[in-house]
Each structure stands twice: as structure tokens, then as C-alpha cells.
1. Step through the residues of segment 65-75 one at a time and calculate ³J(HN,Hα) from phi using the Karplus curve (6.51 cos²θ - 1.76 cosθ + 1.60, θ = phi - 60°), rounding each to whole Hz and writing x for Gly and Pro.
2. Between TYR271 and GLU174, what FRET efficiency follows from the Cβ-Cβ distance if R0 is 22 Å, with the result rounded to 0.05?
3. If you average the sequence gap of Cα pairs under 8 Å that are 6 or more apart and divide by the length of segment 244-297, what percent do you get for the contact order?
4. Please compute the Kirkwood hydrodynamic radius over the chain, one decimal place, Å, based on all pairs of different Cα atoms.
5. For the chain, set up a GNM with springs between Cα atoms under 10 Å and report which of ALA218, ALA161, ALA255 has the largest fluctuation.
6. Full extension from GLU52 to TYR251: what is 0.36 nm times the residue separation minus their Cα-Cα distance, to one decimal in nm?
7. Per 0.36 nm of contour for each residue apart, how much would the distance between GLU226 and ASN243 grow if the chain were fully extended, relative to their Cα-Cα spacing?
8. Calculated FRET efficiency, ILE34 and ALA285, Cβ-Cβ r, R0 45 Å, to nearest 0.05?
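Read-outs: derived from the displayed coordinates by stated rules, not from any lab. Keep in mind the model is a prediction, meaning the values are calculated, not measured. Don't worry about glycine lacking a Cβ; one is built from the backbone with ideal geometry, like all the others, and counts go over all protein chains shown.
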Amino acid sequence: MKRVELLRSAAGMAAFSAAFPARTIASAESPTRIVPLSAPAGGVPVAFLLSEGAVMIDFAGPWEVFQDADVPGRMQPAFLPYTVAEALTPLTVSDGLRIVPHYDFANAPQPKLVVVPAQSPPTAATKRWLNTVAHTADVVMSVCTGAFVLAEAGLLEGLSATTHHSSLTRLAMEYPKVTVRRGARFVDSGHIATSAGLSAGIDLALHMVARYYGQDAAHQTAYDMEYQSDEWKREDSNAAYRNPPAPRPGYALCAVCWMEVDPKTALSSVYHAKRYYFCTPDHKALFDSAPQRFLSVS
């Protein structure tokens, strides 16, 4: 049973709601503009695109939001989530979890909303499917480094986007036609939306609930989930990741992803008399490929 059904069926629910008026408490205007979308009468079909290595919270967090979506006066499900992959064979995702997709690209229902979590680089078939469904879907949204999947499919060209804080510079370097926004919890460009890392996907999903069913529904959904963060209301609420943190004494930060490294053993490059450190050869190569441009986007 879904949580929202459990809550609705519990004895004394009306009295409980009257004592704790969640919808009223949380009805303040949101700083983030909500551009309404029309929900199909039978619910919004939501395709979760998965491949090997998909990160669990990136898809499980939004899935929970959509399955628990609590729309005032609506008894049937507001969203209809399902998984899609290139094939129906089991996928190994976070830390060995095995998932059997509901559909492959050939037989998946037409989605109105697509969720793309962090996962393996997209195959040619994946990029074709994404571009096909993007023509008719209301929104294609990514979570964390799922933004790279959208970028590889050409869906982020000319748009602003965000991703996990450790990959912001890499996104800007590898996809120069994308304007990378630092400090953004999520970026909603209307038809394409991207979120920052991991838990930020929950906030973007709640924002989508608000777009389809209004802010009262999003507030009630968050309340039912006991999700107390209000960051889904403010897309620029990731200020903690706008600038790199200070490393511990005796350590340095990787110039690309901000991971702490030991400067005595870490890879490094010198540019304009300043030394930059890196945690992997790939990150050093990214810097060395165009150091001036790297510094301009980092």
C-alpha cells in the first residue's frame, strides 16, 4: 500500500488533518516560478530511464515523490511511474541491487515525464529513444550526473543546467554549449530540467508535482513523506556548493571535483606559476587540455 493510501484510510484522518493543517501552513508563495502543466485525467505517465550503475537515490527519491503524490480531492494515482531500459535483462545498480525493467525501448508507453538518474554513458539506442520521447513529453528531467546523459543526447544545448557539485566543471568543459549554473538545487528550463546531486532529485520531483497539480499538492506530498526541506521551492538553494570548501590542513583539493588529495603524492600541473592538484589522471587531462578555459568555467 502506498503511504498516501495508508494515511487516507487511517481512522481519524480528518481530525488529524484539522489539527495539523499542512496545506495551510505551507501555502506561502514560492520564490521559484511554477509554470503549470496539464495532467492527463488518468495520471501522468513517468518513465524512469535506467542502465547499468544507476544511482538508487537518484531514481528512488523521485519515484517515492511521484507514487506518494497527494492531490487534494483526487483518489486515483496522480503519477504512473515505470522503468525503461534498452533491454529487459536485469540491471545492476547501486551497490549490487538488481532491477528488472518494466519495459524496453520498443514497448514502453509514451511518457509525459522522463526521469534520468546518474548511470552509465548512454548508448546510441538510448540517445535515439531520449530524443524521440522528448518530442512529445512535457518534461525530460535529470538527477545528479544524469545531466551528462541529456548532454550526450544533445538535449542541453543552449540551455542552463546543473549537476552534482563535483561534476560542474567537467560538464562545462565537455559541453561548452551548456551554461552551467553553480549553487542551483535544480534548473527548470520548461521542457528540460536538471537537478544537483542525489537528494536534490526529490526537490525537483516535488517541483514537478507543483507544476502538474499545484503547490498545495506538492506541500501535502512533502508533508506525507515527512520531508521537511523547503528547497524544492527555491531552485537557487544549493549555495553551499557554489564554491569549493577549504581543505584540511596539509591537504589540497582536486581542481576538478574538490576531492581532498595529498599534495605530496597527488598528480599536479603548473599553469601561470600556480600548481593545481588532481585525484585522477582523467581530471588532470581535462585541465591540461585547456587550462585557461578550465579556469574560466570553474
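1. After applying 6.51 cos²θ - 1.76 cosθ + 1.60, I find 4, 5, 6, 9, 3, 10, 9, x, x, 9, 9 Hz.
2. Numbers: r = 19 Å, r/R0 = 0.87.
Working from the Cβ atoms, E equals 0.70.
3. With pairs under 8 Å counted, the relative contact order is 26 percent.
4. On the way: mean 1/r = 0.0490 Å⁻¹.
Final number for the Kirkwood radius of the chain is 20.4 Å.
5. Fluctuation is largest for ALA255.
6. Details: separation 199, 0.36 × 199 = 71.64 nm, distance 3.38 nm.
Extending this stretch completely gives an extra 68.3 nm.
7. Details: separation 17, 0.36 × 17 = 6.12 nm, distance 3.01 nm.
Working it through step by step, the gained length comes to 3.1 nm.
8. Details: r = 42 Å, r/R0 = 0.93.
About 0.60, to the nearest 0.05.
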